[in-house]
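J.: Got a structure for you, written out below as structure tokens; questions coming shortly.
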Amino acid sequence: MTVALLTDKYELTMLAAALRDGTAHRRTTFEVFARRLPEGRRYGVVAGTGRFVEALAEFTFAADELTALSEFLDSATLDFLSNYRFGGDVDGYAEGELYFPGSPVLSVHGTFAECVVLETLVLSILNHDTAIASAAARMTSAAQGRPMIEMGSRRTHELAAVAAARAAYLAGFTGSSNLAAQQRYGVPALGTAAHAYTLLHTTESGPDEQAAFRGQVAALGVDTTLLVDTYDITAGVANAIAAAGPQLGAVRIDSGDLGVLARQVRQQLDDLGATNTQIVVSGDLDEFAIAALRAEPVDSYGVGTSVVTGSGAPTAGMVYKLVEVDGMPVAKRSSRKESHGGRKQAVRLAKASGTIVEEVVHPYGQEPPETSGLTARRLTVPLVTGGVPVEGHHPATDLSTARARVAAGLHSLPWDGLKLSRGEPAIPTRVVPPRT
């Protein structure tokens, strides 16, 4: 099965109707945006753009897919799909850019026929990856420079786990436990052992935790991380240093009151001469728990369920709306679901200090309003031209650039934009209407 069937039926029935009534080849612009941020969030992080551009090249209909679709599509529509290749343009925000309500995150330009069938592909990728990256950025910010390991593969769909690892890494995580993410996207793979390995070293006379630690050190080296909370943490730390010596890389705590235990373990490690042995904590962490541990002697964090599920916001709430037909603005008027018509682009305004103050969305091809004392940075960049991806948006090779973009974006927020408490978006979005 190709990615072409990762879609909704109504997109293809709309295509069939448009081909029949002669509107399929009108020139259109579809826009991706979020009407609002998830509850309590002050910014979002764009992610998935590179994956979408990659998937777009694979969006074709082979014989098996056409046979399946023949159950409800007419021959003219099937013929169109058999030759489908997206030949239009895509522009939008580069991966790692911050976004706010109303930001034109992605715009797809081409005929109605070639654009309408992409809705589900666009939204399924961007809504998932953006939700993960937005949550991960909040966690990275809360960690204040301490390393973060994404370890949530067992808490989500096996394919979503790969995309989640990429999105978390893009937003500042140090690496992931997921090997497929390393193979496909170059995300550093991290991990050592779980409780099962310690429990394996149980004999008739009882548990032998130190034997487990000796085995792990022999296999992975003294720089490894030993999991010390399988039985008793105090005994576990003593066994870890006895097995590895004071040069042990790290110990991990995965349960209990992490703040209290981290203080106890730090003191014990120091008393044993292991002053450079680091402390890793994990176990149901989210951005709030990470922030609460800032003052504790924790060196790094392992985060699972909360990051791969968007920490309470598993979707970014983005929509894909038709905003222009043959150069004419069109807009949905439904209550609470209004959209602004016309093809658009955006700039972000900042003070001389670099702190951003406003996002301005304005008609494509028109200059944004002049600003006094503020610098304007263009956000909308070409991603696909004439069906061909623009260099600089590969999902694997351009991750380092996206990571730097996230870090710069977080640094540019007003001081209260990084708060984890509920509040308004960090900056307002102003939509400039077309000149008449």
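The values are calculated or read from the model by the stated rules, or taken from the named source; none is laboratory data. Here the structure is a predicted model, which is why all the values come from computation and not from measurement. Backbone-built Cβ (ideal geometry, glycine too); neighbour counts: all protein chains shown. When the accessible area is computed, the model is the full protein with side chains, heavy atoms only, and any ligands, DNA or RNA have been set aside. Shrake-Rupley method; radii C 1.70, N 1.55, O 1.52, S 1.80 Å.
J.: Over the Cα atoms of the chain, what radius of gyration and what Dmax do you get, in Å?
T.: 25.2, 87
J.: Hey, another quick one. Applying the Karplus parametrisation 6.51 cos²θ - 1.76 cosθ + 1.60 with θ = phi - 60° to the phi angles of region 183-190, what ³J(HN,Hα) value in whole Hz is obtained for each residue in order, glycine and proline being reported as x?
T.: Working through the residues one at a time gives 5, 7, 10, x, 5, x, 8, 10 Hz.
J.: Here's another thing I want to ask about it. Using +1 on the beta carbon of Lys and Arg, -1 on that of Asp and Glu, and nothing else charged, what's the dipole of region 252-301 about the Cα centre, debye to 20?
T.: The dipole of region 252-301 has a size of about 140 debye.
J.: Put HIS340, HIS109 in order of accessible area, largest first, 1.4 Å probe: what do you get?
T.: Listed by decreasing accessible area, they come as HIS340, HIS109.
J.: What do you reckon, how do ARG166, ARG35 stack up by accessible area (1.4 Å probe), largest on top?
T.: Heavy-atom accessible area, descending, gives ARG35, ARG166.
J.: Considering only protein heavy atoms, what per residue accessible area in square angstrom results for the chain with a 1.4 angstrom probe?
T.: Result: 45 Å² per residue.
J.: Quick one: helix 9-21 against the long Cα principal axis of the chain, what's the angle to the nearest 10°, folded into 0 to 90?
T.: Relative to the chain, helix 9-21 is tipped by roughly 10 degrees.
J.: What is the magnitude of the charge dipole of region 1-131 about its Cα centre, with +1 placed on the Cβ of each Lys and Arg, -1 on the Cβ of each Asp and Glu, and no other charges, expressed in debye to the nearest 20?
T.: The dipole magnitude comes to about 480 debye.
J.: Let me ask another. Compute the helix-to-body angle for 209-220: its Cα long axis versus the longest principal axis of the chain, expressed 0 to 90° and rounded to tens.
T.: 60 degrees
J.: Would you list LYS419, LYS9 from the most to the least accessible area, probe 1.4 Å?
T.: LYS9, LYS419
J.: Apply the Karplus curve 6.51 cos²θ - 1.76 cosθ + 1.60, θ = phi - 60°, to the phi angles in region 96-101 and return the couplings in whole Hz, x for Gly and Pro.
T.: The phi angles translate into x, 5, 6, 9, 9, x Hz.
J.: Relative to the longest principal axis of the C-alpha atoms of the chain, give the angle of the C-alpha long axis of helix 158-170, reported between 0 and 90° and rounded to the nearest 10°.
T.: So the helix axis and the longest Cα principal axis differ by about 90 degrees.
J.: With every protein chain left in place, what is the accessible area of ARG294 in Å² (1.4 Å probe, nearest 10)?
T.: 100 Å²
J.: I would also like to ask the following. What whole number of Å gives the distance from the Cα centroid of region 326-400 to the Cα centroid of region 255-295?
T.: 43 Å
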